[in-house]
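First comes the structure, then the notes that go with it.
Bear in mind these aren't lab numbers, they're just calculated from the coordinates by the rules spelled out. All figures in this text were calculated on a predicted structure; none of them were measured in a lab. Backbone-built Cβ (ideal geometry, glycine too); neighbour counts: all protein chains shown.
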Amino acid sequence: MLRLQDVNTFYGDSHILKGISFEVKDGELATLLGRNGAGKSTTLKSIMGIVPPKEGSILFGNEEMVGKRPHQIASLGLGYVPEERAIFPSLSVLENLNLPTKKNRKRLWGLEKIYEYFPVLKERLHHKGSQLSGGEQQMLAIARVLTMDIKLMMLDEPTEGLAPFLVLEIGKILQEIKKSRVVVLLVEQNTRFAINVADKHHIIYEGKIAYRGDNDDFGVDKEIQTRYLGV
Amino acid sequence: MSAQFIGMQLFNGLILGSVYVLLSLGLSIIFGMLGIINFAHGAFYMLGAYAAYTITSYIFPNFWIAFIFGPIFMGAFGAACEVFFFRRLYKLPPLYVMLFTFGLMMAFQDIIRMIFGSMGVPFNTPESLMGAVNLGFMYYPKYRLFLIIVTALCSLGVWLFLSKTRLGALIRAGTDNSQMVDALGINISRITTLVFGLGIGLAGLAGVLVAPIQNVTHLMGMDFLIDCFVVVVIGGMGSIAGSIIGGLIVGEIIAMGIMVWPPIANTLIYLFMAAFLLVRPRGLFGREAFHD
Amino acid sequence: MKKYNKIFGVLVVFLMVSGISALIVSPAVAADPVKVAVLTDMSGPYAGITAKNVDAARMAIEDFGGKLLGQNIEFVYRDHQCKPDVANQKAKELYEKEKVDVIIDCPNSAAGLAVSNQARIHKKLFFPIGSGTTRLNGSDCHRYTFHWGYNDYMLATAAGLWAADNLGKRWYTITADYAWGHSLLKNFKNALKSRGGTLLGNDMVALGTSDFSPYILKAMNANPDVLVLLNAGKDGVNSTKQANEFGLKKKVKIIHALFFIEGIKAVGPDVFADDYGAAPWYWKSQNPGAQKFVAQWQKKFNKPPNWMNAATYSAVTQYLEAVKRAGIKDAKPVIEKLEGHTFRDIFANPGYIRPDNHMKVADANIIRAKRKEEIKEPWDFFEFVGSVSAKDAYEPVGKTGCNMGGF
């Protein structure tokens, strides 16, 4: 589904991704873990074309993503929920949901299903984005991407700053997304949450993939967790 | 000073402000979405007046044809400028873009001066809008009433377009966070072209509208431009409501200033702007985000 | 052999002496030709009005016969772009490097004062035309500068006196808020006062104001007979267009400070229709030679000359005449021939060069802009409606503030 090969990305002069390679397969819910500044968010932005890599290859299906503009990448079926959620504050909740182009009017999740899983959004449909709480913003950011016809969804620390019951809520939604045959690539700081939801983990350390493993192995490997994540 | 006279001046100030409204709307929309402080806006407005002159003098001698096609032509011209010039500049620091728009202003003015001369061209009020209407408290020129009606309709139209249509929502989203619009699979560059064309079209419309009541010269945009920046600062950068309210406020300040003590009239709007910058730098309706 | 040497030596000495004397004598026999320069705005804001002053000067030299003191008259011109610093630099160059004897024209009062100062330094002549400041024949006057054409006092006083006598004594004024506007206002006020009129109100308006409607409303509210617009160019057109719009002209006559045929041509006759102003000259003038000059000009440029063109032609002609009378081109004798001289030409009939302040004076014309339907001939935008005598139109002797001084 998604294969990164030797991706090198720079912010100005600073070399952030120093040859990242990993693969996410169909049906997987995979994570990118690592300490602050390791390059997790940059990896997502490189895939999206927001911070285009200087070298390397990113294959989505059989298509090369490097060199494409973000809107082209998105319309191939990549959904992106950034860390800052990026809700449009001057648009209402409904406008936020309706904004992405619906290819062939086909929605992965219809509005009915969205209201079912995100009841809070239905209540606040005509409120402006700027009036939402952090949790509501996170819900909206995820729901907004689900209205697109996506095959892969990338989330950047969706649980950050959320109350524990909301974290649980997000976990449930991720499982539901997985059920609709969408591949999920999750960037997380919350290792416990990652272990609870994911099938597979990658750890980025100093711009490289330092570890990859199944949830069953990683979940019990305290040594790895301590070494790279300081758990 | 009679109450009637004060009423006349207040009413006139409203109409004075309506030209500011049209110009600042375009300036503000372009700034809001593209982050460009467009010094050439006054020059586009001037070009609008010359487009109207060219249409009525050389193509079809009818004001209404110019009124319809002048702004459309200017909108298309603005869109072309976006595609050929401005698009290449978005990645540069804002100062470069500002300098570029400044150069563009000079170039447009000089081209017009070379073609049409420095003394201006004739433009008369259309026959059907000549004369005055009795408003009860005063006789007021028909044309100026027409002007305020067009401005009101345009402001309403722009507001409806931006707040009620999907394209309007895309423009607002682009103003909020154009990168995220891009990441949601929408080709933002088409929207920026549209926004630029819309802003310049509004400037062109303002140019067509003032041609009958002002001297159509290559320099006519210069004086208005500075006042429009005052409007945008007072109303708030990138805000539609801000442009409308700000424009009307500036019109009224000028009208009242002139009534009370003319030498202060112009200074007054700058003082007002300075006060706003000190107390509420984002203006009446501006968003905090622009001032991070 | 020795004898031959002696003869040869004498021959050499003879040749040397005659050669040296020839070198010494030659300048006296064949002096430098008279050299005339026009320094004007050819690419700045007034270019549309003043650029052809170059052609006017050329025509004056041709009509004079092209020769003076036995040599061809030379001619150069420079563009000062309406910038005082450029004017100053170009004037310096013209006097020093080009060795011109006289500089003609120079619109923009600050530029005119700068060139006048260069004339004083270089002890060469200067005939300002396009700069109207009274300082040129007042506080800043000197022997080398002759103010031709007009000055701001005359524009205001002539129009003011005539308007007070013929249009009404209740005035409202709208004044461009800078030195020129202020000086005009002072003189208009004095003219009105001398005729016992009332100034109902005045507004000082910043340069570059685009909407005058609040001022127009104020003026209409005061209900005057006459509205005096002391502004020019863009501001003049804006204020007049907007006065028309509010129907002010139905009850009130408008006086302008300055009128040009090119201005009417540019914005169309409707804007200024039925407005009045003072003018030193108009192309329908019946002065001696005027119609011949106009015909020649029409043929060449397919439009009539404006009054600055005519003034340039006149200034060049009168300068050349003075050199001819003096029989030498040195500044002092030429100036002495000009001072107090009376002449009749295309521009002034008669014209008199006042010795007290070097102002060329003549009767001032009052003109009215025709309505569209009255215009029968292209460019015939004005009608003569009256005149004001030179004595009344210019500052009285002793009141100019000029202290002429020596050479």
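Computed quantities for the displayed model
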item: Residues of type aspartates and glutamates that residue C:337 reaches as a straight line, Cα spacing below 16 Å, ignoring anything fewer than 8 places off in the same chain; result: C:101, C:321, C:356
item: Calculated FRET value between residue C:71 and residue C:249, using beta carbons and R₀ = 60 Å, to 0.05; result: 0.60
item: Cross-link reach list, lysines versus residue A:222, counting only Cα pairs under 23 Å and skipping chain neighbours closer than eight places; result: A:40, A:200, A:208
item: For segment B:3-291, size of Cβ-based charge dipole, Lys and Arg +1, Asp and Glu -1, in debye; result: 460 debye
item: Computed magnitude of the charge dipole of chain C (debye, nearest 20; Cβ of K, R +1, Cβ of D, E -1); result: 920 debye
item: Burial order of peptide ranges C:119-131, A:174-186, A:117-129 (average beta-carbon count within 10 Å, highest first); result: C:119-131, A:174-186, A:117-129
item: Principal axis dimensions, largest first and in whole angstrom, of chain C by Cα; result: 110, 44, 34
item: Per-residue average of Cβ from other chains inside 10 Å of B:207-219; result: 4
item: Under 20 Å from residue C:292, Cα to Cα: lysines that are on another chain or at least 8 residues apart; result: C:52, C:284, C:300, C:303
item: Positive-pole candidate from B:192, B:276, B:221, dipole of segment B:188-292, charges at beta carbon; result: B:192
item: Cβ neighbours within 10 Å from other chains - mean over C:142-154; result: 0
item: Long-range amide H partners of residue A:210 with built H, under 5 Å; result: A:203, A:204, A:205
item: Using distinct alpha-carbon pairs, which all enter the 1/r mean, Kirkwood radius of the protein assembly as shown in Å; result: 33.2 Å
item: Across C:193/C:250; C:251/C:372; C:83/C:249, pairs whose alpha-carbon gap is larger than 31 Å; result: C:83/C:249
item: Rounded D (µm²/s) - chain B, Kirkwood Rh over Cα pairs, Stokes-Einstein at 25 °C, 0.890 mPa s; result: 126 µm²/s
item: Footprinting exposure proxy for C:135, C:170 (fewest neighbouring C-beta atoms within 10 Å first); result: C:170, C:135
item: Which of C:395, A:116 has the fewest Cβ neighbours within 10 Å, and the rest in rising order; result: A:116, C:395
item: Per-residue average of Cβ from other chains inside 10 Å of A:77-90; result: 4
item: Within chain A, helix-based [θ] at 222 nm, where runs of 4 or more DSSP H residues each add -39,500 (n - 2.57), nearest 500; result: -9000 deg cm²/dmol
item: Kyte-Doolittle at least -0.5, axis length at least 30 Å by Cα - qualifying DSSP helices, chain C; result: C:2-29
item: Amide H contacts under 5 Å for residue A:66, placed H, 5+ residues apart; result: A:58
item: Förster radius 45 Å - calculated FRET efficiency between residue A:94 and residue A:6, Cβ distance, rounded to 0.05; result: 0.60
item: Ranked list, fewest to most other Cβ atoms within 10 Å of each Cβ, for C:321, A:23; result: A:23, C:321
item: Spacing of the two label points (7 Å from each Cα toward its C-beta) at residue B:190 and residue B:279, in nm; result: 4.6 nm
item: Cα coordinate range in segment C:315-407, projected on the principal axes (Å, largest first); result: 54, 31, 15
item: Where no second cysteine Cβ lies under 4.7 Å, the cysteines concerned in chain C; result: C:82, C:106
item: Point-to-point label distance, residue A:205-residue A:112, nm (Cα→Cβ direction, 7 Å offset); result: 5.0 nm
